[in-house]
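Heads up, the thing below is written out as structure tokens.
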Amino acid sequence: MLNNWDKWMAKKHKKIRLRCQKGIPPSLRGRAWQYLSGSKVKLEQNINKFDELDLLPGEPKWLDVIERDLHRQFPFHEMFVSRGGYGQQDLFRVLKAYTLYRPEEGYCQAQAPIAAVLLMHMPAEQAFWCLVQICEKYLPGYYSEKLEAIQLDGEILFSLLHRVSPVAHKHLSKQKIDPILYMTEWFMCAFSRTLPWSSVLRVWDMFFCEGVKIIFRVGLVLLKHTLGSSEKLKSCQGQYETMERLRTLNPKIMQETFLVQEIIELPVTERHIEREHLIQLKKWKETHGELQYKSPPRLHGAKAISEAEPHSHQALGSRPSIILPTDALVPSKGNKNKLQKEKKQDKGKDSPGNGLIPKENGTPASPEPQTLLKHPEASPHHQSKESLTSRESEDTYL
């Protein structure tokens, strides 16, 4: 599948989605995430960019904050267990590089666990471009200074909850609990600090394939099964008790098999999210004015990203695959017919005038190089001094 990724993405996207829902094999997960997110293409389009950013000193105000956050990311994982170990070093490099790549955004603490999960599955350079794709394509605006995008998505989540679980929606409204209080870490860290590890990986498999709707679905499933019945609400009479229940979720509802099945079956689509986004954006403008941070449009998953950013080899189409020598004559439309007439007249003649040198026995010899240059159509390569590269030849003759 990965060896013919473009074809699978174009014609068999449903099979890719089903494969991601079943769970990507651990040995392929890192590579698959790069293909799904488009970070592989991004890396190919920006060769050595990460190395250039890695050599730069970085902004001191961000470096200090990043340094303080390193030991907090998965402290019991072998990659990050030791201070100054290779895991923490790579995490520092990736996060520092992002602050240089997007200085207008800088660093947000929620990016650290995202980058740490990526580093568990791929080298630093690949993890950096995967982080870029998450921040720019999957969750645009989430890590900007004012956190406006995450606030908007909180309102979208709350509105969708009314459809999925009216009981939970009514209870949260009654307790006046703003969505930003319970969903910020869920969404900004893509549940990497909330769910059991096996569930995190399954959620991320689907997230990279299908986009942010998976994050919304996880949030809705957790709210529905935590606050979605009168029986469950008996122990959540006040605001404090409700928040405590949302902080200490029941392990049963986070269990991999149960959670994944609930996510797949929940009828919340990209269309629902985008429609609600327009409604909430209108309300936001009425109460807060225009958004201060203009984030790029959100792309819903691998197929949308693939269509928006075609593979880099297509960019080679504009490069000439055959280069003529400077003294070669190219026939124009005006004298094309004249050349054809001359060819007919010369056909069958063995004279020096037609570029063929007769041997002693009267059979024509091979044409001379100068004659070939005068008639470019005589040779498919026009005696070019530059040969085709393999990538160029694929573009030209496929």
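The values are calculated or read from the model by the stated rules, or taken from the named source; none is laboratory data. Bear in mind that the values here come from a model prediction, so they are computed numbers and not experimental data. Note: ideal-geometry Cβ built from the backbone for every residue, glycine included; neighbour counts use all protein chains shown. Side chains included, ligands, DNA and RNA excluded: accessible areas come from the protein's heavy atoms. Shrake-Rupley method; radii C 1.70, N 1.55, O 1.52, S 1.80 Å.
Values for this structure:
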read-out: Looking only at the stretch 187-219, and only at residues there that are open to solvent by 10 Å² or more (accessible area, probe 1.4 Å) and without any contact (Cβ under 8 Å) to a residue 60 or more places away in the chain, the one that is farthest from M254 (Cα to Cα); value: R217
read-out: Hits in the stretch 53-77 (condition: under 19 Å from L118 (Cα atoms), within 27 Å of the chain's Cα centre (by Cα) and in a loop (DSSP other than H, G, I, E, B)); value: Q73, F74, H77
read-out: Single condition Q175 does not satisfy, out of (1) in contact (Cβ under 8 Å) with a residue 60 or more places away in the chain; (2) open to solvent by less than 20 Å² (accessible area, probe 1.4 Å); value: (2)
read-out: Residue match in the stretch 246-258 (condition: outside any loop (DSSP other than H, G, I, E, B), touching a Cys at 6+ places or on another chain (Cβ under 7 Å) and more than 21 Å from L172 (Cα to Cα)); value: no
read-out: Selection from the stretch 212-239 of residues that are in a loop (DSSP other than H, G, I, E, B) and modelled with pLDDT of 95 or more; value: V212
read-out: Matching residues in the stretch 242-297 - criterion: being under 20 Å from T184 (Cβ atoms), open to solvent by 40 Å² or more (accessible area, probe 1.4 Å) and over 26 Å from the mean Cα position of the chain (by Cα); value: E244, R245, R247, T248, K283, T287, H288
read-out: Residue in the stretch 270-290 that is on the phi < 0 side of the Ramachandran plot, touching a His at 6+ places or on another chain (Cβ under 6 Å) and modelled with pLDDT under 75 present; value: no
